[in-house]
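Okay, so here's the structure we're looking at.
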Amino acid sequence: MTAAREPELRRALHDTLQALPPSPAPLEAIIRRGRRARLRRAGAAGGGVVLAGVIALAALTANGSARTAGPAPVPLGPVAPGGVIAHGTADGHQWRLAVQDIADPGYSCLPAITINGTDADPVYPDPDTGAAVALGSALPGVGFAFVQLPADITGIVVNGDVSVPAVTVAACGLRYHVAGFAYSLARPLRVTVANPPPGWPPVFTMPLVSTEPPSTQTTPEKAGLWINTSSALGETASYDLAFGTLPDGQDWVIKLQFGTGGDCYELLGSSSLGSAQMGYCGPVSTPDGPETIMALPLGLPDPGTGATGYAVQVSPGTDLLMATLSNGSAERAAFCVVDGRKYAAFIVPGPLRLAKLTWFNARGRAFASTTALPQYGYVQFQP
Amino acid sequence: MTEPRDELAAVPDIIDADGGEDFTAFATSRWPGLVRLAFGLTGDRWLAEDIAQTALARAYVAWRRVSQADDPDAYLRRILVNTSHRRYRRRRVTEQPGDPPDTPVEGPADLVGERAALLAALHQLPPRQRAVIVLRYWQDLTDAQIAATLGCSPGTVRSQLSRALAKLRVSPALGAGDDQ
């Protein structure tokens, strides 16, 4: 190409970029992300301002475009201790739903709804948000759910006969007006507002949760993953956890998206022959809860090769995670901190396999190890 | 001469009675241009849409400032380019010359090869040089406007442009040497 061919470059760029047909502007997602960022900034600015913002947002969202004559905001009630929004016993097992900070100590607060202190679901000061989760074999037949409510709604009714009061909890400098409950998975879930104010829709549509396959859009693909209502916010954070080049020259990157879908990982590989990717979502761990070990096998386009990406959301006390491969070699996993939570990620090139993971603390002492490792999808492990 | 490349500027402003632009209308009208600009910077359609979404969310946060700026589109363009650079900063070390773009290039058969070659050639450039090329030859910005977008001096823009063009001239993806 010569300088005289710059007009050709101009034309080629125009043709190439104009040929791209963009999808419709995702206005709802854009504005939600913007609102969340505003609230985070407000959170950093001061609690009083935040509370005013939350109340204003609650009124704004409750009113919405179709609810222009909605109720005026009212003050939130007393704050329930410990962030607990609901607790009880199901089939002899105690359960507890709470809003708590799930970031590692020393990092910015990260509020989430947890079930028994783990399986976190990020939570936002959005009164339309709700989600449900089932714990599978740990507590078969029982589902758990929460709904975030505007300040002036006092509670909900589950399946027409169980009244659940809304409580106000505080976490990370924000207040959440939430109703939480357990319910039977044996029948569809229906949630109504106890005393809907004028202009507020009386029925919340909650997802039907089942522990049985096959999974659908409205059922979890695996126990422990929260299923959020459509109005829930999506991605909270995204990051490239690790990247590199395989011995045969193929590039790879392991990406993380943390949000209401859980911790969603993706392994992308590319070479001169093309590209491939593999993604999977797993439960969100808490500092005290079990860690999620995720495996993403990928048949990269070079014949006879392949690789498996691994990602682990590690506990705050972990200083080093060592991967032992099937040929006896050991590999130190790279650490990243995303939204205050520490992850390790690495790749195992085929035909090698991951044989063992070992956790080390800051003193260099191995304090946990496991050989129960997934080849695809995830397992949970308590170090 | 082709149609104006700067879709951000080509869309008429939507001004309400108070002189402040409505964000929804602003975002809707700018979305296609933003995605295409991000696509030129990344070569990846889905990443481009994600970056455009992030840029508009940031514009929403600073909407009062953006809407009252002398040139809201320049402000938005700067947000998008910065977002793109941040997203790519960690990935660029993995880029290898000759990698094809992730996104299939659609269109008439005789144009597909040329578009793919151009994207592959752009993909070989460092992000800042790639940005200079796209901003100059697609957005038709001046050195000063590009400098304002990238946060550097016009002299740096000229040197980056010169280096980028030099690399494109010898790019195998663009068939360098074919006409010798």
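The values are calculated or read from the model by the stated rules, or taken from the named source; none is laboratory data. What you are looking at is a predicted structure, and each value in this text was computed from that prediction instead of being measured. Don't worry about glycine lacking a Cβ; one is built from the backbone with ideal geometry, like all the others, and counts go over all protein chains shown.
In table form, for the structure just shown:
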{"read-out": "Considering residues of the stretch A:259-279 that are at pLDDT 85 or above and within 17 Å of the chain's Cα centre (by Cα) only, the residue farthest from the other protein chains (Cβ to nearest Cβ)", "value": "A:ASP263"}
{"read-out": "Criterion: of a type in the set (Phe, Trp, Tyr) and either touching a Gly at 6+ places or on another chain (Cβ under 7 Å) or over 15 Å from A:CYS264 (Cα atoms) (or both) - qualifying residue of A:TYR310, A:TYR378, A:TYR343", "value": "A:TYR378"}
{"read-out": "In the stretch A:234-256, residue nearest to A:PRO283 (Cα to Cα) [restricted to those that are within 11 Å of the chain's Cα centre (by Cα), part of a strand (DSSP E or B) and more than 10 Å from chain B (Cβ to nearest Cβ)]", "value": "A:LEU256"}
{"read-out": "Strands (runs of 3 or more DSSP E) wholly inside the stretch A:84-194 that include at least 2 residues being in contact (Cβ under 8 Å) with a residue 24 or more places away in the chain, in contact with a strand residue (DSSP E or B) (Cβ under 7 Å, 6 or more places away or on another chain) and of a type in the set (D, E, K, R)", "value": "A:118-122"}
{"read-out": "Per-region count, the stretch A:5-59, residues assigned to a loop (DSSP other than H, G, I, E, B) and at pLDDT below 50", "value": "1"}
{"read-out": "Matching residues, the stretch A:332-383, being over 14 Å from A:VAL314 (Cβ atoms), free of Cβ contacts under 8 Å to residues at least 60 places away in the same chain and among the hydroxyl-bearing types (Ser, Thr, Tyr)", "value": "A:THR371"}
{"read-out": "Residue under evaluation B:ARG45, criteria (1) more than 7 Å from chain A (Cβ to nearest Cβ); (2) surrounded by 19 or more Cβ atoms within 10 Å (Cβ to Cβ); (3) modelled with pLDDT under 85, criterion not met", "value": "(1)"}
{"read-out": "Hey, A:PRO374 assigned to a loop (DSSP other than H, G, I, E, B), at pLDDT 85 or above and crowded, with 16+ Cβ neighbours inside 10 Å or not", "value": "yes"}
{"read-out": "Pairs with Cβ under 8 Å, 6+ apart, first in the stretch B:153-174 and closer than 11 Å to B:ILE133 by Cα, second loosely packed, with under 14 Cβ neighbours inside 10 Å and of a type in the set (A, V, I, L, M, F, W, C)", "value": "B:LEU165/A:ALA3"}
{"read-out": "Flag for A:VAL379 being farther than 19 Å from A:LYS255 by Cβ and either out of contact with any Asp or Glu (no Cβ under 6 Å at 6 or more places or on another chain) or part of a strand (DSSP E or B) (or both)", "value": "yes"}
